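Heads up: the structure comes next, in structure tokens.
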Amino acid sequence: MTLLELKSNKHKLTGEIIIPGDKSISHRSVMFGSIAHGETIVSNFLPGDDCLSTISCFRKLGVTIEEENHRLRIIGNGFEGLSEPNEILDVGNSGTTIRLLMGILAGRPFYTSIIGDHSIGKRPMTRVTDPLAKMGAIIDGRQNAKYTPISIRGGELNAINYRLPVASAQVKSSIILAGLQANGETVIEEPAETRDHTERMIRQFGAEIIKENRLIKVKGGQKLSAAAVHVPGDISSAAFFLAAGVTVSGSSIVLKNVGLNPTRTGMIEVMKRMGAELKIFEYDNGSFEPAGDIVVKTSNLKGTVIEGDIIPTLIDEIPIIALMATQADGPTIIRNAEELKVKETNRIDTVVLELQKLGAAIEATEDGMLIHGNSKLHGGSVSSHGDHRIGMMLAIAALLCDGEVALEQPEAISVSYPNFFTHLNHLLSE
């Protein structure tokens, strides 16, 4: 176990950084390039551990993928170009990889076995395996395919009409990828809008998908053609520096190339509600994913209520929002965030536990948190629990603490932001 000592730092954050590529889009670029026909070029790819797990899995499925300097060259031969792997596919810590991959494998006429790390072994898979089984895939695993290891024998699929029991982009995307291989038109109903990177990428690769309010319709048998994909910066990674910029005294920072997909910008909406001083300069680059620069400065924040339809647009940002709320005037209430319980950790309990160690007045609720503002944080020993977003949140918390913070398992951060500490030190040294 690695231990990182973070000294209390009263220095302001200044300067600019280029946010690394979006994890969700990087995953999908590998998958779509692999099931398309032709040569796909991906630029600004995120070489984090999770995305490298996706590359590894598709190489084992027979796809040629070359990687150099955040650039990928993928040679795809369509769905039919995938071949039965000679070994087990290991997704590491990546929930996106396993859930979307199952949708692709459900329609392939061969056998595959999938495993992941200890965290993946505790995350529920029936939300994906149930609808895929309804479409015709033969899937097995621990506790009736609830947990890994998961085995799939794919084959001919039939379209279904399916209402998602939870608002989940991973589940939606898995069914869409299966629907592209099914007989007929698959219709998916979302209980709330989730990130739409899969729908956008389908169009980027030359196929059709219809979205009507919360109904998504995709016809099977469509052919995907290779495309060029430029991955914008990950707003979920930018969120940690956005929060640092408004809470660390005297700060003024510029975050370059931040993805501004409207299904992902709940963090910005919440910051505006809380009184954050930020400006957005959107690019006019014609990309299939919007992006821009964000300028953020130290601000006087006020508490707010976060609930309902905005939750799926900021589910990964809630840990850092909780930290930000500890520095606001008045309480912040987070509701309808039960999905946090089945992330890399139970993020409700983990966020509360670790911030309490640093002196935050924060309480867990059944579906979220109650954060009392104006907390004076102190040093202490904390842990990421192997969760990259918890690790980054605690590293930012150290900037606000009076005293030294010892962070256990900081290596988890490399899952989504390998150069996080390089960027942090750059902003502190400007």
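The values are calculated or read from the model by the stated rules, or taken from the named source; none is laboratory data. What you are looking at is a predicted structure, and each value in this text was computed from that prediction instead of being measured. Because the Cβ atoms are built from the backbone with ideal geometry, glycine has one as well, and the counts that use them run over all protein chains shown.
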#### Entry: Selection within the stretch 58-88 - under 20 Å from SER24 (Cβ atoms) and in contact with a helix residue (DSSP H, G or I) (Cβ under 6 Å, 6 or more places away or on another chain)
PHE58, VAL63, ILE65, ILE74, GLY76
### Message
Given (1) out of contact with any strand residue (DSSP E or B) (no Cβ under 6 Å at 6 or more places or on another chain); (2) among the small types (Gly, Ala, Ser); (3) farther than 23 Å from SER252 by Cα, identify the lone condition not met by SER429.
### Response
(3)
### Task
Return yes when ILE176 is surrounded by 17 or more Cβ atoms within 10 Å (Cβ to Cβ) and part of a strand (DSSP E or B) and no when it is not.
no
### Message
Restricting to the stretch 22-49, and then to whatever is of a type in the set (Asp, Glu) and not in a strand (DSSP E or B), can you tell me which residue is surrounded by the most Cβ atoms within 10 Å (Cβ to Cβ)?
### Response
ASP22
### Query
Among the residues of the stretch 298-326, which ones are in contact (Cβ under 8 Å) with a residue 40 or more places away in the chain and of a type in the set (Ser, Thr, Tyr)?
THR298, SER299, THR313, THR326
### Query
Can you name the residue in the stretch 50-76 that is part of a loop (DSSP other than H, G, I, E, B) and aliphatic (A, V, I, L, M) and is also nearest to ALA228 (Cα to Cα) among such residues?
VAL63
### Query
In this structure, is ILE139 under 24 Å from VAL166 (Cβ atoms), out of contact with any helix residue (DSSP H, G or I) (no Cβ under 6 Å at 6 or more places or on another chain) and either in contact (Cβ under 8 Å) with a residue 12 or more places away in the chain or assigned to a helix (DSSP H, G or I) (or both)?
no
### Query
When only residues in the stretch 51-71 that are polar (S, T, N, Q) and closer than 16 Å to SER83 by Cβ count, which is surrounded by the fewest Cβ atoms within 10 Å (Cβ to Cβ)?
THR64
### Task
Could you list all residues from the stretch 327-347 that are touching a strand residue (DSSP E or B) at 6+ places or on another chain (Cβ under 6 Å), in contact (Cβ under 8 Å) with a residue 40 or more places away in the chain and surrounded by 17 or more Cβ atoms within 10 Å (Cβ to Cβ)?
ALA328, THR332
### Summary
If we keep only residues of the stretch 265-293 that are of a type in the set (Lys, Arg) and in contact (Cβ under 8 Å) with a residue 12 or more places away in the chain, then the residue farthest from VAL231 (Cα to Cα) is ARG273
### Query
Which one of these is assigned to a strand (DSSP E or B) and under 27 Å from PRO124 (Cα atoms): THR194, THR186, THR198?
THR186
### Message
Whether any residue in the stretch 126-135 is over 24 Å from SER24 (Cβ atoms) and of a type in the set (D, E, K, R) is what I want to check.
### Response
yes
### Task
Taking only the stretch 274-316 into account, find how many residues are among the charged types (D, E, K, R), touching a Gly at 6+ places or on another chain (Cβ under 7 Å) and buried (at least 20 other Cβ atoms within 10 Å of the Cβ).
1
### Message
Condition check: farther than 17 Å from ILE209 by Cβ, touching a residue at least 60 places away in the same chain (Cβ under 8 Å) and not small (Gly, Ala, Ser). Does LEU105 satisfy that?
### Response
no
### Task
Out of the residues in the stretch 99-132 that are of a type in the set (Gly, Ala, Ser) and surrounded by fewer than 18 Cβ atoms within 10 Å (Cβ to Cβ), state the one that is nearest to GLU87 (Cα to Cα).
SER113
#### Entry: Per-region count, the stretch 236-273, residues within 20 Å of the chain's Cα centre (by Cα), assigned to a helix (DSSP H, G or I) and surrounded by fewer than 19 Cβ atoms within 10 Å (Cβ to Cβ)
1
### Summary
Listed by first then second residue, the pairs whose first member lies in the stretch 216-239 and is assigned by TED's automatic domain parsing to the domain that holds GLY286 and over 17 Å from SER287 (Cβ atoms), whose partner is in a loop (DSSP other than H, G, I, E, B) and of a type outside the set (A, V, I, L, M, F, W, C), with beta carbons under 9 Å and at least 6 positions apart or on separate chains, are SER236/ASP22; SER236/ARG264; SER236/SER416; SER237/PRO20; SER237/ASP22; SER237/SER416; SER237/TYR417
### Summary
Subset of the stretch 97-136, residues more than 20 Å from the chain's Cα centre (by Cα), of a type in the set (Gly, Ala, Ser) and not in a loop (DSSP other than H, G, I, E, B), comes to SER113, ALA133
### Summary
Condition set of a type in the set (Gly, Ala, Ser) and closer than 14 Å to LYS60 by Cα, scope the stretch 72-90, selection surrounded by the most Cβ atoms within 10 Å (Cβ to Cβ): answer is GLY76
### Task
State the number of residues belonging to the stretch 290-314 that are closer than 24 Å to ILE17 by Cβ, not acidic (Asp, Glu) and not in a loop (DSSP other than H, G, I, E, B).
7
### Summary
Scanning the stretch 1-21 for residues that are among the aliphatic types (A, V, I, L, M) and surrounded by fewer than 16 Cβ atoms within 10 Å (Cβ to Cβ), the one modelled with the lowest pLDDT turns out to be MET1
